[in-house]
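Contents: one structure, followed by commentary.
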Amino acid sequence: METITDEIIAQNQVERFVSRFESTYRLLAYHAALPLVLTPELVNYIRVQFLKSEGVPWIAEADLLLSDLCRPVGYELYVMDEAVRAYLLQELETDPRFGEQRIREIARLLLNYVKYLAKTNPFLGDLQTQQWGAMLYLDTEQTVREIAHAIAEAVNKAEIARLLKITEDFKNQIAKSHWSEKFLEYAKVVNDLIRKPETVKQEAITGTYQIAGSELSVPKILVNSLIKTFKVVTIEIIETHTFDFTIATIEPQSGKIINRQQSQAEGIIEVIGTGIELELIKIPPGTFIMGAPEEESGSKDNERPQHQVRVPSFYMGRYPITQAQWQAVAALPQIKGKLNPNPSSFKGANRPVERVSWDDAVEFCSRLSNHTKRDYRLPSEAEWEYACRAGTTTPFHFGETITTDVANYDGKSTYGNGPKGVYRGETTEVGSFGVANNFGLYDMHGNVREWCQDEWHDSYEGAPMDGSAWQSANASSDGRMLRGGSWADHPVICRSAYRYGSFADFSNDFYGFRVACAAAWTL
């Protein structure tokens, strides 16, 4: 089995991006890798300056920023994964058509761009903050100092006084928010640089700071604009919660619970309506083997080949979405499609919502994202299985078998040496069995099947290795993924590795979902 490295994951991501579109898109990705922060305007500037004659279409700019290669960190602000950037820059440098000379040309172009912004916007407050943020690039030709002087020349004394007040306010915000001491130094350098830019040493201008959860080496001169950028990219202190839960292990021969132990997990609580909360567990990053071995009873070829996947940290719903949560979000403004506020067959505020299609679940996530200003979505299939297994390699996170004492499924059927149990014939309230997996997630086996982002594929040949969703550029409504089994399913269908596909617009009383969210929006 191939060992995953950052370079292999990055190459895999780039190749999937190019295969979705056309070969010229690779050129745009090469050139857009140099800036640390990207905006649509900046990517367009790079494309027009270097790649218009190469036939790179304008739509490639949006396709790049919205692809798996980039992630949003604020309004029209994007960053590339650092491993992807390193891979693309290496490719750019070794490409005989470009090489190191092209990197220097891009860096010089960026410098000219920021000088242009400074000269044409004498008051920094009039600038779009993300335009300054897009200038955070790596360059060895002391262009940071040149940017500093360009800004210093562009401001008058009144503007300097205003900037000094901003940095003082910024320091006060830091103190109130318990931010890193680095930011206090960050603001001090700006004060010095604004007053006497020639006195600031080069090494004091560049440092590594946390921006939206990612470490970026940034010119400290830009703090005067980044004060606003911090707000734009929603860097904020989110109150975390510690959730207590019980883990259960089932003895494989008898099917009895042989071990119960207490554990804790970190998470957050999102208020989505009056008295309606959404609890999310922070899933730690890790690497796992996705799929089932041939010797696993009941496994299918579509669960193979087993492959190693590296999953970044993310948040996942502690439970499937309940009917109360569904109704609260269904009452929010429509994004694309309509939502039935009460679709479920088995009524109950704390029962999982069912009879929802993939399209419905996506609309729910869109409305919730619009309401909270956070990027809620369905989990990828890899994220779901990683979260379900929670470090285990057995068919169920409980062990080699399962019983109706810990999950809701068709208990008339058995798996392995597990005993027969009850068949309830309906959903149960979320978390009602009182046992979770090692991550603190409930109802991962049974109750309702859960929608994932991915399109259906007949096997794992060519599947992503980075935990991202596997879907094409022009995703059709055919074959979206469900995982986990339901109240009506045999236990073999409730295994961690079991895969099931259905039409995106189809729903029944087996189908529900839980939400995921990127972990980068907390510090």
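Give the residues of segment 346-367 that are surrounded by fewer than 24 Cβ atoms within 10 Å (Cβ to Cβ), under 13 Å from R514 (Cα atoms) and of a type in the set (A, V, I, L, M), sorted by residue number. Correct list: V362 only.
Here the condition is being of a type in the set (G, A, S) and buried (at least 24 other Cβ atoms within 10 Å of the Cβ); of A463, A382, A390, it holds for A382 alone. Picking from residues in segment 369-406 that are among the β-branched types (V, I, T) and assigned to a loop (DSSP other than H, G, I, E, B), the one that is nearest to F513 (Cα to Cα) is V406.
Give segment 312-329 a look and list any residue that's touching an Asp or Glu at 6+ places or on another chain (Cβ under 7 Å) and either aromatic (F, W, Y) or without any contact (Cβ under 8 Å) to a residue 24 or more places away in the chain (or both), or say none. Residues satisfying the conditions are F314, Y319. Identify all residues within segment 48-80 that are modelled with pLDDT of 90 or more and closer than 13 Å to I106 by Cβ; write none if there are none. Passing the criteria: none in range. On inspection, S366 passes the criterion of being farther than 17 Å from R449 by Cβ, out of contact with any Leu (no Cβ under 7 Å at 6 or more places or on another chain) and outside any loop (DSSP other than H, G, I, E, B). For segment 411-424, the set of residues classified as modelled with pLDDT of 95 or more and closer than 22 Å to R499 by Cα consists of G411, K412, S413, T414, Y415, listed by residue number.
Quick check on K336: is it in contact with a strand residue (DSSP E or B) (Cβ under 6 Å, 6 or more places away or on another chain) and under 29 Å from S357 (Cβ atoms)? Here the answer is no, as K336 does not meet what is asked. Scanning segment 83-101 for residues that are in contact with an Asp or Glu (Cβ under 8 Å, 6 or more places away or on another chain) and surrounded by 14 or more Cβ atoms within 10 Å (Cβ to Cβ), we see that the one that is modelled with the highest pLDDT is Y87. Evaluated against (1) surrounded by 14 or more Cβ atoms within 10 Å (Cβ to Cβ); (2) over 27 Å from G501 (Cβ atoms), T274 falls short on exactly one condition, (1).
I want to confirm something. Restricting to segment 268-291 and keeping residues that are assigned to a strand (DSSP E or B) and among the small types (G, A, S), which single residue is nearest to C365 (Cα to Cα)?
G273
Return the residues of segment 5-33 that are over 20 Å from the mean Cα position of the chain (by Cα), hydrophobic (A, V, I, L, M, F, W, C) and part of a loop (DSSP other than H, G, I, E, B); say none if nothing qualifies. Answer for segment 5-33, where residues must be over 20 Å from the mean Cα position of the chain (by Cα), hydrophobic (A, V, I, L, M, F, W, C) and part of a loop (DSSP other than H, G, I, E, B): just F21. Among residues that are over 29 Å from F396 (Cβ atoms) and either among the hydrophobic types (A, V, I, L, M, F, W, C) or assigned to a loop (DSSP other than H, G, I, E, B) (or both), G348 is not included.
Given the criteria among the hydrophobic types (A, V, I, L, M, F, W, C), at negative phi and crowded, with 21+ Cβ neighbours inside 10 Å, does A407 qualify? Yes. The set of residues in segment 480-509 that are surrounded by 22 or more Cβ atoms within 10 Å (Cβ to Cβ) and in contact with a helix residue (DSSP H, G or I) (Cβ under 6 Å, 6 or more places away or on another chain) comprises R480, M481, R483, G485, S496, A497, R499. When the residues of segment 292-345 are filtered to those that are in a loop (DSSP other than H, G, I, E, B) and hydroxyl-bearing (S, T, Y), the one that is farthest from Y500 (Cα to Cα) is S313. Put simply, of S432, S468 the only residue that is at pLDDT 95 or above and either small (G, A, S) or exposed (fewer than 15 other Cβ atoms within 10 Å of the Cβ) (or both) is S432.
Conditions tested, residue by residue: (1) modelled with pLDDT under 95; (2) over 25 Å from the mean Cα position of the chain (by Cα); (3) not in a strand (DSSP E or B).
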position	(1), (2), (3)
D489	no, yes, yes
Y498	no, no, yes
D505	yes, no, yes
N508	no, yes, yes
R514	no, no, yes
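Among the residues here, R449 does not qualify as of a type in the set (K, R), over 25 Å from D359 (Cβ atoms), touching a residue at least 24 places away in the same chain (Cβ under 8 Å) and out of contact with any helix residue (DSSP H, G or I) (no Cβ under 8 Å at 6 or more places or on another chain).
The values are calculated or read from the model by the stated rules, or taken from the named source; none is laboratory data. Nothing here was measured: the structure is a model prediction, and the numbers come from that model. Using ideal geometry, Cβ is built from the backbone for each residue, glycine included, and neighbour counts are taken over all protein chains shown.
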